[in-house]
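Quick note: the coordinates plus some simple rules give every number you see, no bench work behind them. None of these values were measured; they are calculated from a predicted model. Note: ideal-geometry Cβ built from the backbone for every residue, glycine included; neighbour counts use all protein chains shown.
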Amino acid sequence: MRLPERSLWLTPVISAFPAQMPSRFAIFPLILLAAAVAARAAEPAPRFVGAPGCASAMCHGGGGDLRHQTTIWQKQDIHSRTYNTLVNARSAQIVAALKIPDATTSTRCTSCHAPFHEVPRDLVLNPIDFKTGVACESCHGPAERWLRPHTRTDFSPADRVTAGLRDLRNLYVRANTCVACHQTVDSDIAAAGHPELLFELDGQAVAQPRHWREKGDWHGPRAWFVGQAVALREMSWQLAREKAPDEILRDRWAALLWLLQTGEAAGVTSKALAGIGTEAAPANFTRAQESADKLARDLADAEWSAEATSKLLRQFANTAAAFNDSKLKPAAHARRAERLVLALDRLLTGSDPVALLKAEPHLTRLFQLAQSLPDFDPAAFAKALERLAGSVP
């Protein structure tokens, strides 16, 4: 695998599943979302109205900063075109290898690329063409109960959530909304040619054409940390579930666990993952799944500061010695580097602009060294990392 260029590594597909679920449920995600809302309200599941229900000129289909969301989604956001992936040559090769008749009708493909394909007619208020891809309600929840009242001044955020509008201001909820289709690929699908997915909440949100405004005291590094914890939870869930996970998946999991344990050592959060071994053992997968979920929840609720970002940045910048460990195979070192360079990128971007300017040449070099995983040179990466560490205040 080649690590994409720094600004182009977004894998832009999103699934929608109950925001508080601690595990991945990729099959029928929108149905599960509607069922979760109904369970909380103890009444029939709310129905989906479709993107046109949000797109009037007086709502999200007009002009200006406050009413241009649908236009951005349709014209700039690849989420509106995820169905197209199912009809290209690569998808044809993948389904042929898996002996799947048609990517456009298989739930193994449509659950992420065309999620409305799975929604039964009685959960749809208006006809929805599943070829629209990942639309408004895939992320924000079925709109039947909140569409009309959600703009009222007396309709509180708690009222909106009760009505089924997902609270994407909460980083834990936001990460759960995106992670299933941005991180996890079943091993047989990966072996058939599906590209690897690597979830990173902060960077992928920055790369996405923005139809929203962040409110409050926003810290990208905290979003990065929450997203990585949720990604580890999902990978742990997958490894515990699959009977024969491949070595690549195990190496990726161990690298992310190492990264987050290193981050916890900076002292900016609880050490929920402390003591979990990186060996591919069922007990480690189970512990990591539970502990990573706790870490993500704690981080989403915690206060964050520039000092926390600086501590975390210094902690990661000073990990050169880890890449001089001859006991670790080069492939494992490469997977650690893959995660580490993205972490450094997000932390530097979220820190002092002067620090980013000083570190930029060294960070670019680290990305270059991590580009080709088969050719990865741990010693060269360690030296470049030392130079970056020297530029960090």
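Descriptive notes on the structure:
- Kirkwood estimate for the chain, i.e. one over the average of 1/r between Cα atoms, Å: 21.9
- Eligible lysines near residue 271 by straight Cα distance, threshold 19 Å, same-chain separation 8 or greater: 294, 311
- Sequence-distant contacts, meaning Cα pairs under 8 Å at least 6 residues apart, place the relative contact order of segment 141-223 at 20 percent.
- Reach of residue 131 by Cα under 25 Å, taken over lysines that are not fewer than 8 positions away in the same chain: 75, 99
- Shape class for segment 54-128: oblate, because the ratio a/c of the largest to smallest gyration tensor axis (alpha-carbon atoms, square roots of eigenvalues) is 1.5 or more and b/c is at least a/b.
- Debye log10 I(q)/I(0) for segment 190-324, one point scatterer per Cα, at q = 0.16 Å⁻¹: -0.88
- Protection proxy ranking, highest mean first, for peptides 284-296, 302-314: 284-296, 302-314, where packing is the per-residue count of other beta-carbon atoms within 10 Å, averaged.
- Peptides ranked, highest mean first, by Cβ atoms within 10 Å: ranges 120-130, 246-256, 170-180, 66-76: 170-180, 246-256, 66-76, 120-130
- Taking other Cβ atoms within 10 Å as a rough exposure proxy, 206, 95, 226 sort from fewest to most as 206, 95, 226.
- Computed from label points 7 Å out along Cα-Cβ, the spacing between residue 106 and residue 301 is 4.1 nm.
- All Cα-Cα separations within segment 127-184 were binned at 5 Å from zero, giving a P(r) of 4, 17, 23, 23, 17, 11, 4, 1, each value a whole percent of the pairs.
- Per-residue Cβ neighbour rank within 10 angstrom, fewest leading, 242, 338: 242, 338
- Once the C-beta distance of residue 271 and residue 372 is scaled by a Förster radius of 51 Å, the resulting FRET efficiency is 0.90 to the nearest 0.05.
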